[in-house]
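*Asks:* Below is one structure. I have some questions about it.
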Amino acid sequence: MLHYLEQAAAGKVAPRKAIVVRNVSRRTFLGTAAAGFAVAAFPKDALGFAKYEVGGSQMPHGLVYDPTVFVSIDSDGTVTIVAHRSEMGTGVRTSLPMVLADEMGADWDRVKIIQAEGDEPKYGNQDTDGSRSMRHHIQSMRQMGASVRFMLAIAAMQHFGIIDQPIEAVAEAFGASDDQFEVQGVTVGVHEVTNDATGEAVGFGELAEIAMLVPVPEFEQLNFKDESEFRYVGKGEIEPYDQHDITTGKAIYGADVDLPGMKVAVIARPPAVGAPLVSYDATAARSIAGVEDIAELPITVMPAKFAPLGGVAVIAAHTDAAIRGRDALEIEWGEGPHSNYNTEEFTAEMRETANAPGKVLRKEGDPEAAFAEAAKVFGREYSQAHMAHAPMEPPVAIADVKDGKAEIWAPVQSPFGTRQDIAAALELPIEDVTVHVTLLGGGFGRKSKCDFAIEAALLSRDVGAPVRVQWTREDDIHHSFFHTTSVERIEVALDDQDAVTGWRHNSVAPSILSTFAEDSGHQFFIESGMGHVDVPFEIPNMSIENGKAMAHTRIGWYRAVSNVPRAWAIQSFVAELADELGRDQKDLLIELIGSDRELDPPNQGFPDDYWNYGEVYQEYPITTARLKNVTELAAEKAGWGADLPAGSGLGIAAHRAFVTYVAVAARVDIVDGLITVPEMHIAVDCGFVANPERIRSQMEGAAVMGMTLALNSAITFQNGAAQQSNFYDYDIVRATNFPKVVHTHIVEHPFSVHAAGVGEPGVPPIAPAIANAVFNATGQRLRDLPIGTTVS
Amino acid sequence: MAQLTINGESRTIDVPGDTTLLWALRDLAGLKGTKYGCGVGLCGACTIHVDGVAQVSCMLTVSQVEGTEITTIEGLSDDGNHPVQVAWRELNVPQCGFCQAGQIMTAASLIEDKPDISDQEILDGMSGNLCRCGCYQRIVAAVRTAATGS
């Protein structure tokens, strides 16, 4: 998100254009004076995939294809692969290196993974969100793996005397010739290379030193594995890399780094964003054993990006003293610019706005005429409360600032962004700031915002010692970058045959952009790209609108972002419309999606700045057949249409998010008024499947998070302050009531159907599937998230 | 000054007796496997064993556990192969992993001498441990595997 927000805040929004990907054909080696080891033509056109354009190349610092940055091989054969994306539970620290290891021929048992520091000029983009890691990096991982395999093969040819020149001469020949070298006479197996003529094998370790002298080949020189040759990719049999450490308590998260002489800081922050610090009395705090110092951080007002909120910090020898000290502070806060933020009034205001015409973002056909001429207009509105991410690990960071340098350890999704922000906050050159990334105890978008790491850096500088800033759970829930609150109003025009002739959807929600730039009250292109302007229905007249809503707290992105309220509204609405028309809910959904086609944004009135998750549209189009397929698959697996006992219902919802298609069929049983979910079927189509085991775990997790946000998640504001504090009033579903059995059905594709991510797309359809099931079980239609845990 | 027995080892911890056990373990005894998640006994991330029984360490003070045997995730087994840990890995339970030490400690105490534990007992027994990633389906299956061996 960060990249697009910065673009939008700076007004530099450029729609993505397709680039022409060169039609790659393999040239045979011609033999020149420069290369005395000419080999015969390659036996087959073994190019494993046609390279395609992904949005990663347009991200800051783009994609890196240099295997010498990502891979090293020790003489004992240990292959070390860099994980440059942050691990917050998706499995990325395993899955991307696994792709590279498979393509290079490494034995996974001999692979070691090291975590990259925040260094995008070196590693390429590291901003871990937007379900982008696999989507953006699978090709570069394959290319680097194939490159290393090629380099090892050349090294083996030299080792076996197939090339009768010193490797330095080979290296020189690479640079001197336009022609390409090909591997001949050797076969790269698993962690070794065999001489085809003699059967003699040599290990990767023994070849490492020579291989590293071989120039890195170009994509066109590479021979990729056929999909059938993968040993790990697509299999789901690799144990997540950190799993053993996690189960034995050895895994290192943000708070687990210890530095000599480190202090712990806990901060009292303003209850409403920007509320001034009038006065404080730290006498009681200072009297607590272990409390050593008090420090002030300047109060910031929106938009402040990730600048800390400011406040009063208690510095102590250990966490317990710091928390008690903070709680003992007596503080008077003044009135800030958002101290009048009250949820009840604000929601009423949003409802009013949603019922008036909004700013038109997409117009197709003649919606005014369609509604004017309608036999009937059917409209409903749906709302969602603010949410906090509440990762199990609250924000925490460690900083050691001394001698004009800063070293940071933090669980951050955007390590290079963190480094840039800390360099700016400390007024240090970026070269003097180091950001080490620990494991993240959950992220969900919260840890894309590095305010907590900036706090640690400022306090370490001020205190003159290493400092860990520890957020309590209350801090986390009070001072999140909240998921926005929204009202979505949808209306359809129906003709006298009950055919839908017009669609109007007005979305009203404070924008994330308000955190980055002066608030216009309007959403921007990434928010409208998430299930709003891109609604995939085949309806001739469309008006997609956005009404104004100003932000009064820090708005951030939460797993699946605006897709959550959009799927909530649209998928609930379709089911309601079906009931209104006496139609089957699933059949009407399929009918509205319509014929098999790819949507045609420029000719369907999409806005000029339409955002397809940063992807070139032609590479990741909106393909209705894929959305219908997952819908039918989930329905079929769940036994859609079967008679259920009273108090039970099936609900269905489908949504495309982050270019992945997910449909959910949820079974709800009402037990003594309690909404329970005994079973869910989730069908997911994310293109090529790299790690099905972690895809399943993401879907199972999305089911739980989706049920939590459906039933429980509401942050409300009074006088600018969040009213919830901890898991007693911001509960998440527990072992006693969660989606008991989640069946994940993965649609398989060849590599040519581009891989996409799964971290977020599972979440949006869960809540509407549950609410539709509640309706089918009880006849009660619930339109406001959260719907609560019980129905009467 | 408190005298604690942690993972079979006698430790002297230089804090007042009313210091929260969780922070004494993490900040002063250097045992980082026990996690802070809520501080009010609602999430279970800080679960340890006191004389073999699962308890949340954020709700205990060091003076309350003097004279007891404290076990943390680091001391659950010598080789990291407690049946619960093995089951956790077999079923690939963790996602982010942050809550898992607490989950494992609760599960290990729950299944002690209960090879015929019922599904409802597992659900009830694990209900104090939150997982925001949502690993419950696998947690429940792994507890059953660890308890029953299948």
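The values are calculated or read from the model by the stated rules, or taken from the named source; none is laboratory data. Quick caveat, the model's predicted, so the values are computed rather than measured. With ideal geometry, Cβ positions are generated from the backbone for all residues, glycine too; neighbour counts draw on all protein chains shown. These area figures cover heavy atoms from the full protein model, side chains too; ligands, DNA and RNA do not enter into them. Shrake-Rupley method; radii C 1.70, N 1.55, O 1.52, S 1.80 Å.
*Asks:* If you check A:G502, A:G556, A:G547, which single one turns out to be under 21 Å from A:A388 (Cα atoms), open to solvent by less than 20 Å² (accessible area, probe 1.4 Å) and either of a type in the set (V, I, T) or out of contact with any Cys (no Cβ under 9 Å at 6 or more places or on another chain) (or both)?
*Replies:* Only one candidate qualifies: A:G556.
*Asks:* Taking the condition of being open to solvent by less than 20 Å² (accessible area, probe 1.4 Å) and assigned to a loop (DSSP other than H, G, I, E, B), how many residues in region A:522-544 meet it? Explain how you work it out, then say what you get.
*Replies:* Going residue by residue through region A:522-544, those that are open to solvent by less than 20 Å² (accessible area, probe 1.4 Å) are A:524-535, A:537, A:539, A:542-544.
Filter once more, so that each one left must be assigned to a loop (DSSP other than H, G, I, E, B): A:524, A:529-535, A:537, A:539.
Final tally of qualifying residues: 10.
*Asks:* List the number of the failed condition for A:P276; all other conditions in (1) open to solvent by less than 20 Å² (accessible area, probe 1.4 Å); (2) within 20 Å of A:G720 (Cα to Cα) hold.
*Replies:* If we test A:P276 against (1) open to solvent by less than 20 Å² (accessible area, probe 1.4 Å); (2) within 20 Å of A:G720 (Cα to Cα), just (1) comes out false.
*Asks:* Among (1) closer than 30 Å to A:I477 by Cβ; (2) assigned to a loop (DSSP other than H, G, I, E, B); (3) open to solvent by 10 Å² or more (accessible area, probe 1.4 Å), which single condition is A:P270 missing?
*Replies:* Of everything listed in (1) closer than 30 Å to A:I477 by Cβ; (2) assigned to a loop (DSSP other than H, G, I, E, B); (3) open to solvent by 10 Å² or more (accessible area, probe 1.4 Å), A:P270 misses just condition (3).
*Asks:* Which residues, counting only those in region A:467-521, are under 23 Å from the mean Cα position of the chain (by Cα) and in a strand (DSSP E or B)?
*Replies:* Result: A:F482, A:H483, A:S486, A:S507.
*Asks:* Answer yes if at least one residue in region A:739-757 is closer than 28 Å to A:R473 by Cβ, within 11 Å of another protein chain (Cβ to nearest Cβ) and open to solvent by 30 Å² or more (accessible area, probe 1.4 Å), and no otherwise.
*Replies:* Among the residues of region A:739-757, at least one is closer than 28 Å to A:R473 by Cβ, within 11 Å of another protein chain (Cβ to nearest Cβ) and open to solvent by 30 Å² or more (accessible area, probe 1.4 Å), which makes the answer yes.
*Asks:* Looking at region A:101-116, I want the residues that are farther than 10 Å from A:T78 by Cα and have a partner that is assigned to a loop (DSSP other than H, G, I, E, B) and of a type in the set (D, E, K, R) with Cβ atoms under 6 Å, at least 6 apart or on another chain. Which pairs are those?
*Replies:* Within 6 Å, the pairs are A:D102/A:R231; A:E103/A:K225.
*Asks:* Do we find that A:D596 is open to solvent by 10 Å² or more (accessible area, probe 1.4 Å), under 30 Å from A:H3 (Cα atoms) and modelled with pLDDT of 95 or more in this structure? Break it down stepwise before answering.
*Replies:* Values: open to solvent by 10 Å² or more (accessible area, probe 1.4 Å): yes; under 30 Å from A:H3 (Cα atoms): no; modelled with pLDDT of 95 or more: yes.
Against the criterion (open to solvent by 10 Å² or more (accessible area, probe 1.4 Å), under 30 Å from A:H3 (Cα atoms) and modelled with pLDDT of 95 or more), A:D596 does not qualify.
*Asks:* For A:I238, state whether it is in contact (Cβ under 8 Å) with a residue 24 or more places away in the chain, at the interface with chain B (Cβ under 10 Å from one of its Cβ atoms), part of a loop (DSSP other than H, G, I, E, B) and crowded, with 20+ Cβ neighbours inside 10 Å.
*Replies:* yes
*Asks:* Report yes if A:F658 is on the phi > 0 side of the Ramachandran plot and in contact (Cβ under 8 Å) with a residue 60 or more places away in the chain, otherwise no.
*Replies:* So A:F658 passes the test.
*Asks:* Return the pair list, or none, for Cβ contacts closer than 9 Å from residues in region B:114-137 that are more than 7 Å from every other protein chain (Cβ to nearest Cβ) to residues that are open to solvent by 40 Å² or more (accessible area, probe 1.4 Å) and at pLDDT below 95, at least 6 apart or on different chains.
*Replies:* From residues that are more than 7 Å from every other protein chain (Cβ to nearest Cβ), the pairs are B:P115/B:T148; B:P115/B:G149; B:D116/B:T148; B:I117/B:T148; B:E121/B:K114.
*Asks:* So which residues in region A:461-498 are of a type outside the set (A, V, I, L, M, F, W, C) and touching an Asp or Glu at 6+ places or on another chain (Cβ under 6 Å), if there are any at all?
*Replies:* A:P466, A:R489 - these are the residues of region A:461-498 that are of a type outside the set (A, V, I, L, M, F, W, C) and touching an Asp or Glu at 6+ places or on another chain (Cβ under 6 Å).
*Asks:* Continuing with this model, one more query. Please work out if A:D609 is open to solvent by 10 Å² or more (accessible area, probe 1.4 Å), at pLDDT 95 or above, assigned to a loop (DSSP other than H, G, I, E, B) and among the acidic types (D, E).
*Replies:* Taking the combined requirement at face value, the residue satisfies it.
*Asks:* Can you tell which of A:E474, A:E491 is in contact (Cβ under 8 Å) with a residue 40 or more places away in the chain and within 14 Å of chain B (Cβ to nearest Cβ)?
*Replies:* So the residue among A:E474, A:E491 that is in contact (Cβ under 8 Å) with a residue 40 or more places away in the chain and within 14 Å of chain B (Cβ to nearest Cβ) is A:E474.
*Asks:* If you check every pair at least six apart or on different chains, which have Cβ atoms under 7 Å apart with a residue in region A:415-433 that is under 12 Å from A:L2 (Cβ atoms) first and a residue that is open to solvent by 40 Å² or more (accessible area, probe 1.4 Å) and aliphatic (A, V, I, L, M) second?
*Replies:* A:Q420/A:I430
*Asks:* Let me ask something additional. Confirm whether A:Y253 is open to solvent by less than 10 Å² (accessible area, probe 1.4 Å) and among the aromatic types (F, W, Y).
*Replies:* Answer is yes for this residue.
*Asks:* Right, another one. Checking the condition farther than 12 Å from B:V84 by Cβ, assigned to a loop (DSSP other than H, G, I, E, B) and of a type outside the set (S, T, N, Q), which residue from B:L123, B:L130 passes? I'd like the intermediate steps shown before the answer.
*Replies:* Values: B:L123 fails: assigned to a loop (DSSP other than H, G, I, E, B).
Going through B:L123, B:L130 in turn, just one is farther than 12 Å from B:V84 by Cβ, assigned to a loop (DSSP other than H, G, I, E, B) and of a type outside the set (S, T, N, Q): B:L130.
*Asks:* Identify the residue in region A:426-451 that is farther than 18 Å from A:A116 by Cα and more than 14 Å from every other protein chain (Cβ to nearest Cβ) and, among all such residues, is most open to solvent (accessible area, probe 1.4 Å).
*Replies:* Among them, the one singled out is A:E427.
*Asks:* For region B:17-56, how many residues meet the condition of being hydrophobic (A, V, I, L, M, F, W, C), open to solvent by 30 Å² or more (accessible area, probe 1.4 Å) and more than 25 Å from A:E474 (Cα to Cα)?
*Replies:* 1
*Asks:* Oh, and also: Has region A:481-488 got any residue that is open to solvent by less than 10 Å² (accessible area, probe 1.4 Å), more than 14 Å from chain B (Cβ to nearest Cβ) and closer than 22 Å to A:K376 by Cα?
*Replies:* Yes, the conditions are met somewhere in region A:481-488.
*Asks:* Still on this structure, I have one more. Has region A:300-317 got at least one residue that is within 14 Å of chain B (Cβ to nearest Cβ), at negative phi, open to solvent by 20 Å² or more (accessible area, probe 1.4 Å) and in contact (Cβ under 8 Å) with a residue 12 or more places away in the chain?
*Replies:* Yes - at least one qualifying residue is present in region A:300-317.
*Asks:* Output the number of the condition that A:M705 fails; it satisfies all remaining conditions of (1) over 22 Å from the mean Cα position of the chain (by Cα); (2) surrounded by 23 or more Cβ atoms within 10 Å (Cβ to Cβ); (3) facing chain B (nearest Cβ under 7 Å).
*Replies:* (1)
*Asks:* Given the criteria assigned to a helix (DSSP H, G or I), in contact (Cβ under 8 Å) with a residue 40 or more places away in the chain and either touching a strand residue (DSSP E or B) at 6+ places or on another chain (Cβ under 8 Å) or open to solvent by less than 80 Å² (accessible area, probe 1.4 Å) (or both), does A:A356 qualify?
*Replies:* Taking the combined requirement at face value, the residue does not satisfy it.
*Asks:* Something else: One residue is enough: does region A:324-332 have a residue meeting the conditions among the basic types (K, R), open to solvent by less than 40 Å² (accessible area, probe 1.4 Å) and either free of Cβ contacts under 8 Å to residues at least 40 places away in the same chain or not in a loop (DSSP other than H, G, I, E, B) (or both)?
*Replies:* Checked region A:324-332: at least one residue is among the basic types (K, R), open to solvent by less than 40 Å² (accessible area, probe 1.4 Å) and either free of Cβ contacts under 8 Å to residues at least 40 places away in the same chain or not in a loop (DSSP other than H, G, I, E, B) (or both).
*Asks:* Still on this model: For region B:57-105, which residues satisfy the criterion of being crowded, with 23+ Cβ neighbours inside 10 Å, facing chain A (nearest Cβ under 7 Å) and more than 19 Å from B:E9 (Cβ to Cβ)?
*Replies:* Selection gives B:Q85, B:W88, B:P94, B:Q95, B:C96, B:G97, B:F98, B:C99, B:Q100, B:I104.
*Asks:* Within region A:91-105, can you find the residues that are over 20 Å from A:E117 (Cβ atoms) and either within 14 Å of another protein chain (Cβ to nearest Cβ) or not in a loop (DSSP other than H, G, I, E, B) (or both)? Before you say what the answer is, go through the steps one by one.
*Replies:* To start, the set of residues in region A:91-105 that are over 20 Å from A:E117 (Cβ atoms) comprises A:91, A:95, A:98-99, A:101-105.
A:G91, A:S95, A:M98, A:V99, A:A101, A:D102, A:E103, A:M104 - these are the residues of region A:91-105 that are over 20 Å from A:E117 (Cβ atoms) and either within 14 Å of another protein chain (Cβ to nearest Cβ) or not in a loop (DSSP other than H, G, I, E, B) (or both).
*Asks:* Just checking, which of A:A777, A:A735, A:A771, A:A767 is farther than 20 Å from A:S572 by Cβ and of a type in the set (A, V, I, L, M)?
*Replies:* A:A735
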